[in-house]
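A short reminder: the numbers here are calculations on the coordinates, not readings from a lab. What you are looking at is a predicted structure, and each value in this text was computed from that prediction instead of being measured. We place every Cβ from the backbone using ideal geometry, glycine too, and count neighbours over all the protein chains shown.
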DNA sequence: CGAACAATTGACGAATGTCAAGATCCGTGG
DNA sequence: CCACGGATCTTGACATTCGTCAATTGTTCG
């Protein structure tokens, strides 16, 4: 069961806030985030509106259908983005990694909830504030739109996976896609970090926790991957790629 | 099997082109399309760049991974948007209806292929032309971005369906969501048009054609729906809603 | 050390897929 | 108008994948 220690939006006093010590100029994710399209002066303008916000493992950044008061840049850590069915069945729509922007559709309500998988650092903006900046800077909107297009492509890939792949293909494709996403943000390694638990993977892939566990261990025994605590080393990439049937 | 009579982009001479007789001013979908945010003078400007294009049933408007030469407003008819796995398994990502804009992410390649489910009329723009207009009109970009957000929400809904719903829930939810989409574009009716075949529904819901057929007929026998050629009358809405488990 | 949680493993069952046979629909051409 | 043929849809019998339930092991952290 998930630990819900409350949303930061609803209980702001529970969250560490305040401007980052050194500002946007040496932000770790500046070059991979939406901010990469901003000029130095624009960056300062945005910085004036920013709030630093950190979460601990299990904390909720925002909940599905809540009014979208803020938008966020993920600086460090990972979150899971989920949607619930009334009876409690859960679908993990995706995982947010450093450089990702949460709330990029600028919609009135959040369409998913976002929960920290471990310690997370974010850069928060009031949605209205941010929308005003976007209104004045079409190239920022353009950048958001490009990201939305990328998200759309990712979710199409995920629909193909959920609808038409077998359990083994799903797990293999998941490991490979996670590796690609880490590579995109400059963290390339044969060992893929898996900050989420087995249940999160299952809810992302439309499987049960038992099936995910069985397949991961089968891949391990077959020396296609090497399971390590909190991650998996991809040993036989070409075999995984064949398995994933991409 | 699908009839692929060739892409219009590759064989333009096979397509009826030319400006609509009466222009954008009395375009049937103007008020529900992206064009709804344009002023009369802007509309004329866009009209100058537009080409009318029609398709017959089974024709391909564009193919997955092709360079995105054009973007389209759907004026009349319906298309299926699909992605293929190398071995031929197919996922229908969605169905495009009148008022929908194809290519709204303005990406370099199409991420899906689009095939006409029946006679289709579209309004075509060269992607570069359209992008230039968008560049000059931030409120048009804003409108595209809003639509992208809506698409993102739809695809999250679909991921939840594919990953966590049972076959019966999938079919019920599909019928209801189609009804909602028709209502959105001003075509409300208890009888939902089903311009796609059973195989298309199956590939959209992550099921087989036999399962879709069995469930639709079971719903019919249970008087929850009434199957009619090319559509379904939703008899017992509240039962369907309970089934869909939304 | 021990309690709580997370992951693994096995035995079994159910939902859905597969295969195969018919029925129905629909456009075409006589 | 009717008859034909192909495509689409329906239905049944059976197979398989994956889920369910339950027990066990492993891990984390006071």
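Roughly what would the spin-label model give for residue A:223 and residue B:85, points 7 Å off Cα along C-beta, in nm?
Spacing of the two 7 Å Cα→Cβ label points: 2.8 nm.
Treating each Cα of the stretch B:166-244 as an identical point scatterer and ignoring solvent, apply the Debye formula and state log10 I(q)/I(0) at q = 0.12, 0.13 Å⁻¹.
So the normalised log intensities work out to -0.28, -0.33.
How large are Rg and Dmax for chain A when calculated on the C-alpha trace, in angstrom?
Cα-based Rg and Dmax for chain A come out at 18.5, 56 Å.
Taking the convex hull of the alpha carbon atoms in the stretch B:12-154, what volume per residue do you get, in Å³?
Working: hull volume 15.5 nm³, N = 143.
Here the figure is 109 Å³ per residue.
Say each of residue B:167 and residue B:39 gets a label point 7 Å from the Cα, pointing the same way as Cα to Cβ; how far apart are those two points in nm?
Inter-label distance under the simple model: 5.7 nm.
Over all directions, what mean area does the Cα convex hull of the protein assembly as shown project, stated in square nanometres?
Details: hull surface 95.4 nm².
Mean projected area of the Cα convex hull: 23.8 nm².
Shortest first and in nm with one decimal, please list how far the residue A:58 label point sits from its counterparts in the other copies (point 7 Å along Cα→Cβ).
So the label point of residue A:58 gives 6.0 nm to the other copies.
Can you tell me the orientation of helix A:167-184 relative to chain A, as the angle in degrees between its alpha-carbon axis and the longest Cα principal axis, to the nearest 10?
Once rounded, one gets 40 degrees.
How would A:110, A:182 line up from fewest to most surrounding beta-carbon atoms within 10 angstrom? Kindly include the intermediate steps, with their values, before the conclusion.
On the way: A:110 23, A:182 17.
The most exposed by this proxy come first: A:182, A:110.
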